[in-house]
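Below: one structure, written as structure tokens.
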Amino acid sequence: MKKFLGFCVVVGGAFCASLLAQDAKKEIQRYRQMVAEGSPVELFEIEGQTLWNKPQGPKNVSLEQCDLGLGPGVVKGAYARLPRYFKDADRVMDLETRLLHCMMTLQGRTREEATRRVFGNADRPSEMESLSAYIAAQSRGVRMSPGTTHPKEKQAYELGRALYFHRAGTWDFSCASCHGEEGKRIRMQDLPVLYKPEHARPVVSTWPAYRVSTSQFITLQWRMNNCYQQMRMPEPDFGSDTTVALILFLTATGKGEPYRGPGNKR
Amino acid sequence: MKRIFLIAVLVAPPALADPTPQDVQKLMQRDFHARGQAGMDRVVQDGLQRLCTESRDNPPAGAAKAIEADQMKTIVFPEGSLMGNWKRGESIAQNGRGLQWTDKPGDAAGGSCYNCHQLSPREASFGTLGPSLRQFGKLRGNGQEIQRYVYGKIYNAKAYNLCSQMPRLGYSGTLTEEQIKDLVALLLDPDSPVNQ
């Protein structure tokens, strides 16, 4: 590298600048690859599978008979079809909302108990996060195709879009305040414009994900929650129609790409 | 034209009505809960937020002018010089905390300026949602008029551009009069790194 720089001093000019830029790009690619190879995502998947099979709650049963949309106990490809309308609950649900539903109906747990700690930390991930990692991983290679045809799915999509542009709170923000224009960033963080399919696709096909900077596994319910926190708004209820509508709007906008998560984030 | 419009309305299939901002607000009032200092009053839109939501940030010119004038009246300009201390201003610009449910109530908030703007050349990690403010004072001087503009813009950005994405940092109670003066100095003081 030193020799190369010396060569650059002698030759100079745009040629070297472009080589150096390519070099930096390669370095970033190499870093991304290292992060992916050393990713602990698999550990979360294994822990999730253990929890899926573990009898819990007053009824002391596992989640193995939970119907994620493709029938009781079918996990293969189920995540790629979410969020979707569920007749038994008569509402649209995303993965986490459906898992909560199964904890309450199959295992007999209360909402209060099952949602007491939905977001974990670096030392101790939450049950919901590990389960999300396990279920999402069973859709690798399957095209993302959330529900978009049932009237309640259409309604949720429209609500999600309206929420995206809805300005409120102490700082007058909507989602579009930050995710509204191409090529913008907060500090060094690039901001995807999530109502554009080409921006939404890589997001939808890699969430939930492991976040390197905080050593945490993060889910889409967490993402909605944390955005509203930064927007200076009060807290959205876990699994509420509002959060599910936003997740459906995002997923439907970015549908069509094979799932390749759980991913790795900065 | 009116007739054509009427026919179009009659012929169009009954589509799902888009949720209005009122509908969305009602749902948020049901689906959100107060936490820490983030109370449920924050979910209630004011007239400006409502108009900007309805118009996707492109309000009709007449209405925009009228509300901008109302917003201008909210700005409380202190007596005398509006220039504080640029060094304190720099740390306020760096600080992105305040008013979140995770922040301790009563703790001084920051201005989150670097989240969206380039300021000092020493800070490489800056956002680009707002315009670069590099050399802001060098290009504009630091007279009474520009001091007043900068103070007012930080206090209530919506008085100058109704649907601006910049928070109303004074009006919302995020920053104090002293803090805004320090930010004015960060932008306008010839010794500030912003103007190097």
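The table that follows gives values for the structure above.
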{"read-out": "Total charge dipole magnitude, the protein assembly as shown, about the Cα centre, Cβ charges on Lys, Arg, Asp, Glu only, Debye to nearest 20", "value": "900 debye"}
{"read-out": "Part-to-part distance (alpha-carbon centres) for the range B:160-174 and the range B:57-118, which is given in Å", "value": "6 Å"}
{"read-out": "Amide proton proximity set for A:Asp67, modelled H, under 5 Å, gap of 5+", "value": "A:Gly73"}
{"read-out": "Calculated [θ] (222 nm, deg cm²/dmol) that DSSP helices of n ≥ 4 give over chain B, each run adding -39,500 (n - 2.57)", "value": "-12500 deg cm²/dmol"}
{"read-out": "Using alpha-carbon coordinates, inclination of helix B:61-73 to the longest axis of chain B, degrees", "value": "40 degrees"}
{"read-out": "With Cα atoms, 0 to 90° folded angle of helix B:2-11 axis to chain B main axis", "value": "70 degrees"}
{"read-out": "Inter-probe distance in nm under a simple model that places probes 7 Å from Cα toward Cβ, at B:Met72 and A:Arg187", "value": "3.8 nm"}
{"read-out": "Hz values of 3J(HN,Hα) by residue in the range A:138-149 - Karplus curve (6.51, -1.76, 1.60), Gly and Pro given as x", "value": "6, 10, 4, x, 8, 5, 6, 8, x, x, 9, 10"}
{"read-out": "Electrostatic dipole magnitude of chain B [Cβ: Lys, Arg +1; Asp, Glu -1; Cα centre; debye, to 20]", "value": "400 debye"}
{"read-out": "Shielding of A:178-185 by partner chains, average beta-carbon count, 10 Å", "value": "3"}
{"read-out": "Antiparallel bridges, percent of DSSP beta bridges restricted to the protein assembly as shown (to nearest 5)", "value": "85 percent"}
{"read-out": "Estimated distance in nm for a label pair at B:Gln22 and B:Glu54, the labels positioned 7 Å out from Cα along Cα-to-Cβ", "value": "1.0 nm"}
{"read-out": "Whole-Å distance, taken between Cα centres, linking the range A:231-262 and the range A:171-196", "value": "16 Å"}
{"read-out": "Listed residues B:Asp46, B:Asp57, B:Asp103, most fluctuating in chain B (Gaussian network, C-alpha, under 10 Å)", "value": "B:Asp46"}
{"read-out": "Between helix A:127-137 and chain A: long-axis angle, C-alpha atoms, 0 to 90°, nearest 10", "value": "70 degrees"}
{"read-out": "Extreme residue, positive dipole direction of the range B:86-195, given options B:Val184, B:Ser132, B:Gly110 (C-beta unit charges)", "value": "B:Ser132"}
{"read-out": "Neighbour count of at most 14 Cβ within 10 Å plus DSSP loop: longest GluC sites (Glu not before Pro)-free window in chain A", "value": "A:65-180"}
{"read-out": "Euclidean distance between Cα centres, the range A:110-161 to the range A:211-226, Å", "value": "12 Å"}
{"read-out": "Residue (of A:Val193, A:Gly48, A:Phe238) at the positive-pole extreme of chain A, dipole from beta-carbon charges", "value": "A:Val193"}
{"read-out": "5 angstrom amide H check on B:His33, placed H, neighbours 5+ away", "value": "A:Glu235, A:Asp237"}
{"read-out": "Under 11 Å from the A:Ala122 label point (7 Å along Cα→beta-carbon), backbone N, the range A:207-236", "value": "A:212-216"}
{"read-out": "Value of [θ]222 nm, deg cm²/dmol, for chain A, DSSP H segments ≥ 4, -39500 (n - 2.57) each, nearest 500", "value": "-14000 deg cm²/dmol"}
{"read-out": "Exposed trypsin sites (Lys or Arg not before Pro) absent: longest stretch of chain B, with sites in DSSP loops and at most 16 other Cβ within 10 Å deemed exposed", "value": "B:123-196"}
{"read-out": "Furthest towards positive pole of dipole, A:Ala136, B:Leu162, B:Pro21, structure part the protein assembly as shown, Cβ charges", "value": "A:Ala136"}
{"read-out": "All aspartates and glutamates inside 19 Å of B:Lys73 as judged from Cα atoms, apart from same-chain residues fewer than 8 positions distant", "value": "A:Asp172, B:Asp46, B:Glu145, B:Glu177"}
{"read-out": "Dipole magnitude of the range B:86-195 about its Cα centre (Cβ charges: Lys, Arg +1; Asp, Glu -1), debye to nearest 20", "value": "240 debye"}
{"read-out": "5 angstrom amide H check on A:Arg211, placed H, neighbours 5+ away", "value": "A:Gln216, A:Phe217, A:Ile218, A:Lys265"}
{"read-out": "The range A:147-203: relative contact order in percent, alpha carbon pairs under 8 Å with at least 6 residues between", "value": "16 percent"}
{"read-out": "Sparsely packed trypsin sites (Lys or Arg not before Pro) within the range A:149-251, loop by DSSP, other Cβ within 10 Å at most 15", "value": "A:Arg187"}
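Laboratory data are not the source of any read-out in this text; all were calculated from the coordinates shown. Remember, it's a predicted structure, so these values are computed and weren't measured experimentally. Positions of Cβ are generated from backbone atoms using ideal geometry, with glycine treated the same way; all protein chains shown enter the neighbour counts.
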